[in-house]
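Beneath this line is the structure, given in structure tokens, with notes to follow.
The values are calculated or read from the model by the stated rules, or taken from the named source; none is laboratory data. Remember, predicted model here, so these are calculated numbers, not experimental data. Reconstructed Cβ throughout: ideal geometry from the backbone, glycine too, with neighbour counts over all protein chains shown.
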Amino acid sequence: MKTKHLLAAMALLFLSVTGMAQNREIYTNPAFSTLAKEHKTLAILPFQATIGLRPNQMKAMTPERMKEMEKNEGLAVQSALQTYFLKEQGKDDFTVSFQDANTTNALLLKNNITAENIKTFTPAELSKVLGVDGVIMGTFTTDKPMSDGASLALGLAVGFYGATNSGKTTINIYDGSTGDLLWKYEKSLARGLGSDTSTIITTIMRKASRQFPYSKIKS
């Protein structure tokens, strides 16, 4: 019996470790140290957010309201990342600084770069417009709105609030000169990560902190 229990425990441990590996993927460009050697400032772009609502919730949503809700969610991720980086930067943990999100968004607007057409610009072009050495951008997918603004919009529309059950976020960092992908972090969302955008972003970034390429503290 003890042997069976031991084998069962080992099997559960294996599945747990495998699941963790599947839920988090990190890629660092082998040439990162060369490409990012002179980097001093990065800009965080609004994320492309996708909120997958249930069919009955979608019935009460107009395309315009849905578009606005996803835009707010993307801005919330941008803000959450900036807050995280600023807090850690205060500890002198990074080799680069981060452009203020308000400045980033103002420059995008000034150059007629919107959520609708930003995909038509390369990372190198965006970096040039923003005057930075690289850009941080990505996607945020969830089955429920996470930011206060998006949750309120959905709550008013269909009378629904709640924490996320599933989803995924992808954070990419691109070199401003070459446009090359320098770092990519994919993480599946789960209830244990938090119930709002800021908490989720802080939690997943802390999990990747020792593998963040601009961190002074490496594993």
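Look at (1) modelled with pLDDT of 70 or more; (2) in a helix (DSSP H, G or I) and you find that Thr50 fails only one, number (2).
Of all residue pairs spaced 6 or more apart or on separate chains, those with beta-carbon atoms under 6 Å, a first member in the stretch 105-126 that is farther than 23 Å from Ser177 by Cβ and a second member that is assigned to a helix (DSSP H, G or I) are Ala115/Lys71. Note on the stretch 72-128: residues that are assigned to a helix (DSSP H, G or I) and of a type in the set (D, E, K, R) amount to 7. For the structure I just gave you, tell me whether Asp92 is more than 20 Å from the chain's Cα centre (by Cα) and surrounded by fewer than 20 Cβ atoms within 10 Å (Cβ to Cβ). Judged against the criteria, Asp92 is a match. In the stretch 55-71, the residue that is modelled with the highest pLDDT out of those that are surrounded by fewer than 20 Cβ atoms within 10 Å (Cβ to Cβ), outside any loop (DSSP other than H, G, I, E, B) and aliphatic (A, V, I, L, M) is Met66.
Residues checked against (1) surrounded by 16 or more Cβ atoms within 10 Å (Cβ to Cβ); (2) of a type outside the set (Lys, Arg); (3) under 15 Å from Ile201 (Cβ atoms); (4) at pLDDT below 50:
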residue: Val132; (1), (2), (3), (4): yes, yes, no, no
residue: Gly138; (1), (2), (3), (4): yes, yes, yes, no
residue: Thr141; (1), (2), (3), (4): yes, yes, yes, no
residue: Pro145; (1), (2), (3), (4): yes, yes, yes, no
residue: Thr164; (1), (2), (3), (4): yes, yes, yes, yes
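Does Asp175 qualify as being modelled with pLDDT of 95 or more and out of contact with any Cys (no Cβ under 8 Å at 6 or more places or on another chain)? It is true that Asp175 is modelled with pLDDT of 95 or more and out of contact with any Cys (no Cβ under 8 Å at 6 or more places or on another chain).
Out of (1) touching a Lys or Arg at 6+ places or on another chain (Cβ under 9 Å); (2) buried (at least 17 other Cβ atoms within 10 Å of the Cβ), what's the single condition that is false for Gly52? Answer for Gly52: the failing condition is (2). Would a scan of the stretch 18-25 turn up a residue that is farther than 21 Å from Glu186 by Cα, loosely packed, with under 11 Cβ neighbours inside 10 Å and at pLDDT below 95? No: the stretch 18-25 contains no residue that is farther than 21 Å from Glu186 by Cα, loosely packed, with under 11 Cβ neighbours inside 10 Å and at pLDDT below 95.
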